[in-house]
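Notes for the one structure printed next.
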Amino acid sequence: MYVSQDIAMPRAARLSAERWVEIGLETLAQEGYVALKADQLSRAQGVTRGSFYYHFENVADFHAAVIARWKHVATNQVIAGLLDQADPRKALESLFRTAFGHPESLEWPMRFWAENEALARAAIDEIDTRRIGFLEQLLGAIGHAPPIARRKAQLIYDCYLGSSLRRRLNPAELDGLVAELLQLAGTPATGDW
């Protein structure tokens, strides 16, 4: 639980907008999107709703901020960290180790939210497209023709989604999975697929 270092500060001013968004992400991971309500979150933090509404005009604005932060952390930040990698095979290996070695605890709570809210659905659609497109780009850089790169990217992404439901892999399991995925992504052969 967040505790302000400045005891003299009014209680309602203790939580910044960024901290509210962090609380939203934590709550989403633990309790799901139905718990992302101003009253419930404020009570849980021991503050008034005024602290919440000081930063967000309404709950929809808060939801938009939570979704934007998830998109940044779960995808944009990961991709940005790989863009400078000159070797697409090394970029793929790094991506696989990140995606499969550190399961993203918000992946499925976001997908469940998307089943019931248009803003979350739009975010999931955008992120799925961005992730698959980035995989496709890396596979194309290895030399796969566009339709093959697209099929392989979709298959790898489907593996990622399935694995995000599992427990965290131990180092040997992760090494084996990364090796298999790198083999799937491997150098294209003539008449590939």
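The values are calculated or read from the model by the stated rules, or taken from the named source; none is laboratory data. Quick caveat: nothing in here was measured; it's all calculated off a predicted structure. So basically every Cβ, Gly included, is an ideal-geometry build from the backbone, and we count neighbours across all protein chains shown. These area figures cover heavy atoms from the full protein model, side chains too; ligands, DNA and RNA do not enter into them. Shrake-Rupley method; radii C 1.70, N 1.55, O 1.52, S 1.80 Å.
Leaving out ligands, DNA and RNA but keeping every protein chain, what accessible area does Lys71 have, in Å² rounded to the nearest 10, with a 1.4 Å probe?
40
Averaged per residue, what accessible surface does the chain expose to a 1.4 Å probe, in Å²?
Details: 10560 Å² over 193 residues.
Accessible surface, normalised per residue, equals 55 Å².
Out of Leu181, Leu95, Leu165, whose Cα points farthest toward the positive end of the dipole of the chain (charges: +1 Lys, Arg; -1 Asp, Glu; placed on Cβ)?
In the chain, that residue is Leu165.
Starting at the first residue of region 115-124, write each ³J(HN,Hα) from the Karplus equation 6.51 cos²θ - 1.76 cosθ + 1.60 with θ = phi - 60°, in whole Hz, x for Gly and Pro.
5, 10, 9, 4, 5, 5, 4, 5, 5, 4
Probe radius 1.4 Å, ligands and nucleic acids ignored: give me the carbon and sulfur share of the accessible area of the chain as a rounded percent.
55
Taking the Cβ of Leu106 as the centre, find all other residues whose Cβ is under 13 Å away and add up their charges (Lys, Arg: +1; Asp, Glu: -1).
Result for the local shell: -2.
Provide the FRET efficiency to the nearest 0.05 for the Gln85-Arg168 pair, computing r from the beta carbons and using R0 = 35 Å.
E(calc), rounded to 0.05, equals 0.90.
Could you tell me whether region 92-193 comes out rounded, prolate or oblate from its Cα gyration tensor? Rule is a ≥ b ≥ c as square roots of the eigenvalues, rounded for a/c under 1.5, then prolate if a/b exceeds b/c, otherwise oblate.
Working: a/c = 2.75, a/b = 1.32, b/c = 2.09.
Judged from the Cα gyration tensor, region 92-193 comes out oblate (a/c at least 1.5, b/c at or above a/b).
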